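Below: one structure, written as structure tokens.
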Amino acid sequence: MKKAALDQWVREQENCGELGQREIRQIQLQKLNALLKREKGRQGFYRNLPEHLASLEQLPELPLTAEEDLKRSGNGMVLVSQSAVERVRTQETSGTTGPAKRVFYTAGDNERTVSFFAAGLSELIHPGSRTMICMPFSGDRGLGELIAEAVTRLGAEPLPGGWDRTFGAFLDLLEKEQPDTFVGPPVLLLSLLRLQPESSLKRALVSGDACPAGVMSEIEKLLDSRLYPHYGSREMGLGGAVTCPAFAGMHLRENDILAEILDEEGRPLPPGEWGELVITTLEAEAMPLIRYRTGDRTRFLPDPCPCGSSLARLDAVHRKGTESRMEDLDDLLFRHPEVVDYQAFLEKDRLRIRGFVTGEIENLPEHWRGTALDYQWKQISREDRPCCRGKRGIRTER
């Protein structure tokens, strides 16, 4: 079996021959100390932290960074001049008031992300491939644009699909351009495969939202190949961990990201135990984060990867709150092949399901987790649009 392409990428980035856990930990400690020294010298947000750690075992002694810190003090976390910032990615709050979460990137940050994307995508994209990218294209160095740059570097052709088209427009792109690979959210891929099961698509990397086991199984049956899940976030520079040819977890970008799994009291957990993912972004130029609480739940897989890489692997990543509940609901409803897409709205003691189907559905559950289910299905048409852009979650209606 071929070793993870990310393994070779880390070797090249760090100019090292051996890459066992000992070497990885040495790289991380050296970069962490350089970051602490930089924070002290620039009088950054983390200026009160120690300038040097003797070992990574001291990492839990440092305070955690919360999402509220990023919203409230984000500008103070930036360690470069405004002229060096190439891109700011903003996530608005769900309410009408309160600060937005803004993450800053230099050209170097974005370049490193493109390089990482290219390494991960090389597992399934080859020279001459045509890749349908169903991620947001938002202008210079947006997420879709960065993925397209990575695809081009692999000698393949990017086909910008975005994620704000009608189903008919997506299907037209599939039919006209005949892509063999797909990059985008898992539910959108499942929807397209159910609408056009005989498409040209052969391989796919899914990202942008959680991919529940049931959804993954349904996609792999229609695609007739294994999926490559990817996990990333704005805070970790968009690219974080990606699947290798062993399909046994997602290898973490460990030379750039120092990751911990913590229990509810903030104590480190050993490999194999589930907890909250906490990250330190060692290579971020514009806005490095130290011990940032992602709110996502996962675990380190304890056994060596069959591919032979020593890079740590994350298991499936589960979102917090209603997004986590939505994963379970997806597993329940997408087992019905007629379901193309749907939204869920919680109204007092009732959960309303509104979505698109290709035909009549039988044996739908009437209750879920003690809540009555109310279904409003519509026969899908080409003019309809996907129900969700971005992460799926159960909405609350008052």
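Among the numbered criteria (1) open to solvent by 10 Å² or more (accessible area, probe 1.4 Å); (2) touching a strand residue (DSSP E or B) at 6+ places or on another chain (Cβ under 9 Å); (3) not basic (Lys, Arg), which one does residue 110 miss?
Checking residue 110 against (1) open to solvent by 10 Å² or more (accessible area, probe 1.4 Å); (2) touching a strand residue (DSSP E or B) at 6+ places or on another chain (Cβ under 9 Å); (3) not basic (Lys, Arg), the one that fails is (1).
Residue-by-condition table, conditions (1) in a strand (DSSP E or B); (2) buried (at least 16 other Cβ atoms within 10 Å of the Cβ):
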position	(1), (2)
327	no, yes
336	no, no
352	yes, yes
359	no, no
362	no, no
376	yes, no
382	no, no
387	no, yes
390	no, no
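Table: residues versus (1) more than 19 Å from residue 278 (Cβ to Cβ); (2) without any contact (Cβ under 8 Å) to a residue 40 or more places away in the chain.
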{"position": "2", "(1), (2)": "yes, no"}
{"position": "15", "(1), (2)": "yes, yes"}
{"position": "29", "(1), (2)": "no, yes"}
{"position": "37", "(1), (2)": "yes, yes"}
{"position": "53", "(1), (2)": "no, yes"}
{"position": "58", "(1), (2)": "no, yes"}
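Taking the stretch 302-318, which residues are open to solvent by 40 Å² or more (accessible area, probe 1.4 Å) and over 14 Å from the mean Cα position of the chain (by Cα)?
In the first step, residues of the stretch 302-318 are kept if they are open to solvent by 40 Å² or more (accessible area, probe 1.4 Å); the result is 302-304, 306, 308, 310, 316, 318.
Correct list: 302, 303, 304, 306, 308, 310.
Identify all residues within the stretch 182-215 that are touching a residue at least 60 places away in the same chain (Cβ under 8 Å), under 25 Å from residue 118 (Cα atoms) and outside any loop (DSSP other than H, G, I, E, B); write none if there are none.
183, 187, 188, 190, 203, 204, 205
If you scan the stretch 204-227, which residues turn out to be crowded, with 19+ Cβ neighbours inside 10 Å and among the charged types (D, E, K, R)?
Within the stretch 204-227, 209, 218 meet the criteria.
Can you pull out the residues in the stretch 277-291 that are more than 16 Å from residue 9 (Cα to Cα) and not in a strand (DSSP E or B)?
Within the stretch 277-291, the first condition is being more than 16 Å from residue 9 (Cα to Cα), and the residues that meet it are 277-282, 284-291.
282, 284, 285, 286, 287, 288, 289, 290, 291 - these are the residues of the stretch 277-291 that are more than 16 Å from residue 9 (Cα to Cα) and not in a strand (DSSP E or B).
Determine, yes or no, whether residue 394 is modelled with pLDDT of 95 or more and open to solvent by less than 30 Å² (accessible area, probe 1.4 Å). Don't jump to the end; show me each part of the working.
Values: modelled with pLDDT of 95 or more: no; open to solvent by less than 30 Å² (accessible area, probe 1.4 Å): yes.
No: the conditions fail for residue 394.
List every residue pair whose Cβ atoms lie under 7 Å apart, where the two residues are 6 or more positions apart in sequence or sit on different chains, the first residue falls within the stretch 60-75 and is within 19 Å of residue 89 (Cα to Cα), and the second residue, located anywhere, is of a type in the set (A, V, I, L, M, F, W, C) and open to solvent by 30 Å² or more (accessible area, probe 1.4 Å).
Partner pairs satisfying both residue conditions: 73/45.
Give the stretch 26-52 a look and list any residue that's of a type in the set (Val, Ile, Thr) and modelled with pLDDT under 95, or say none. Walk me through it before giving the result.
Let us first name the residues in the stretch 26-52 that are of a type in the set (Val, Ile, Thr), namely 27.
Passing the criteria: none in range.
Determine whether residue 246 is within 18 Å of residue 305 (Cβ to Cβ) and part of a loop (DSSP other than H, G, I, E, B). Quick ask: steps written out before the conclusion?
Working: within 18 Å of residue 305 (Cβ to Cβ): yes; part of a loop (DSSP other than H, G, I, E, B): yes.
In short, yes.
Could you tell me which residue of the stretch 228-243 is most open to solvent (accessible area, probe 1.4 Å), considering only residues that are part of a loop (DSSP other than H, G, I, E, B) and not small (Gly, Ala, Ser)?
Initially, the stretch 228-243 is screened for residues part of a loop (DSSP other than H, G, I, E, B), giving 232-240.
Imposing the further condition that a residue be not small (Gly, Ala, Ser) reduces the set to 234-236, 238.
On the way: 234: 77, 235: 23, 236: 9, 238: 22 Å².
Of everything passing the filter in the stretch 228-243, 234 is most open to solvent (accessible area, probe 1.4 Å).
It is to be established whether one or more residues within the stretch 263-276 are in contact (Cβ under 8 Å) with a residue 60 or more places away in the chain, in a loop (DSSP other than H, G, I, E, B) and either farther than 25 Å from residue 109 by Cβ or open to solvent by 30 Å² or more (accessible area, probe 1.4 Å) (or both).
Of the stretch 263-276, the ones in contact (Cβ under 8 Å) with a residue 60 or more places away in the chain are 266-268.
From what is left, the residues that are in a loop (DSSP other than H, G, I, E, B) are 266-267.
From the residues that got through so far, the ones that are either farther than 25 Å from residue 109 by Cβ or open to solvent by 30 Å² or more (accessible area, probe 1.4 Å) (or both) too are 266-267.
The answer is yes; a qualifying residue exists.
Go through the stretch 249-271 and count every residue that is out of contact with any strand residue (DSSP E or B) (no Cβ under 7 Å at 6 or more places or on another chain) and more than 16 Å from residue 113 (Cβ to Cβ).
Number satisfying all stated conditions: 5.
Could you list, in sequence order, all residues of the stretch 263-310 that are within 30 Å of residue 81 (Cβ to Cβ) and not aliphatic (A, V, I, L, M)?
Narrowing the stretch 263-310 to residues within 30 Å of residue 81 (Cβ to Cβ): 278-294.
Listed by number, the residues that qualify are 280, 281, 283, 285, 288, 291, 292, 293, 294.
Any chance you could count how many residues in the stretch 194-214 are aliphatic (A, V, I, L, M) and more than 26 Å from residue 142 (Cβ to Cβ)?
Narrowing the stretch 194-214 to residues aliphatic (A, V, I, L, M): 195, 201, 204-206, 210, 213.
When the remaining residues are screened for being more than 26 Å from residue 142 (Cβ to Cβ), the result is 195, 213.
Of the residues in the stretch 194-214, 2 are aliphatic (A, V, I, L, M) and more than 26 Å from residue 142 (Cβ to Cβ).
Pairs under 7 Å by beta carbon, first residue open to solvent by 20 Å² or more (accessible area, probe 1.4 Å) in the stretch 140-166, partner in a helix (DSSP H, G or I) and modelled with pLDDT under 95, six or more apart or different chains?
none
For (1) more than 28 Å from residue 312 (Cα to Cα); (2) part of a loop (DSSP other than H, G, I, E, B); (3) touching a Leu at 6+ places or on another chain (Cβ under 8 Å); (4) among the basic types (Lys, Arg), each residue gets a yes or a no:
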site	(1), (2), (3), (4)
3	no, yes, no, yes
8	no, no, no, no
16	no, yes, no, no
23	no, no, no, no
31	no, no, yes, yes
36	no, no, yes, no
76	yes, no, no, no
99	yes, yes, no, no
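If you take the residues in the stretch 292-301 that are open to solvent by less than 50 Å² (accessible area, probe 1.4 Å), part of a strand (DSSP E or B) and of a type outside the set (Ser, Thr, Tyr), which one is modelled with the highest pLDDT?
Start the filter on the stretch 292-301 by keeping residues that are open to solvent by less than 50 Å² (accessible area, probe 1.4 Å), which leaves 292, 294-296, 298, 300-301.
When the remaining residues are screened for being part of a strand (DSSP E or B), the result is 292, 294-296, 298, 300.
From what is left, the residues that are of a type outside the set (Ser, Thr, Tyr) are 295-296, 300.
Working: 295: 93, 296: 94, 300: 98.
The extreme case among them is 300.
The values are calculated or read from the model by the stated rules, or taken from the named source; none is laboratory data. Because the structure is predicted, anything quoted here is derived from the model rather than measured. Don't worry about glycine lacking a Cβ; one is built from the backbone with ideal geometry, like all the others, and counts go over all protein chains shown. For the accessible areas, the whole protein counts, side chains as well, though only heavy atoms, and no ligand, DNA or RNA atoms are used. Shrake-Rupley method; radii C 1.70, N 1.55, O 1.52, S 1.80 Å.
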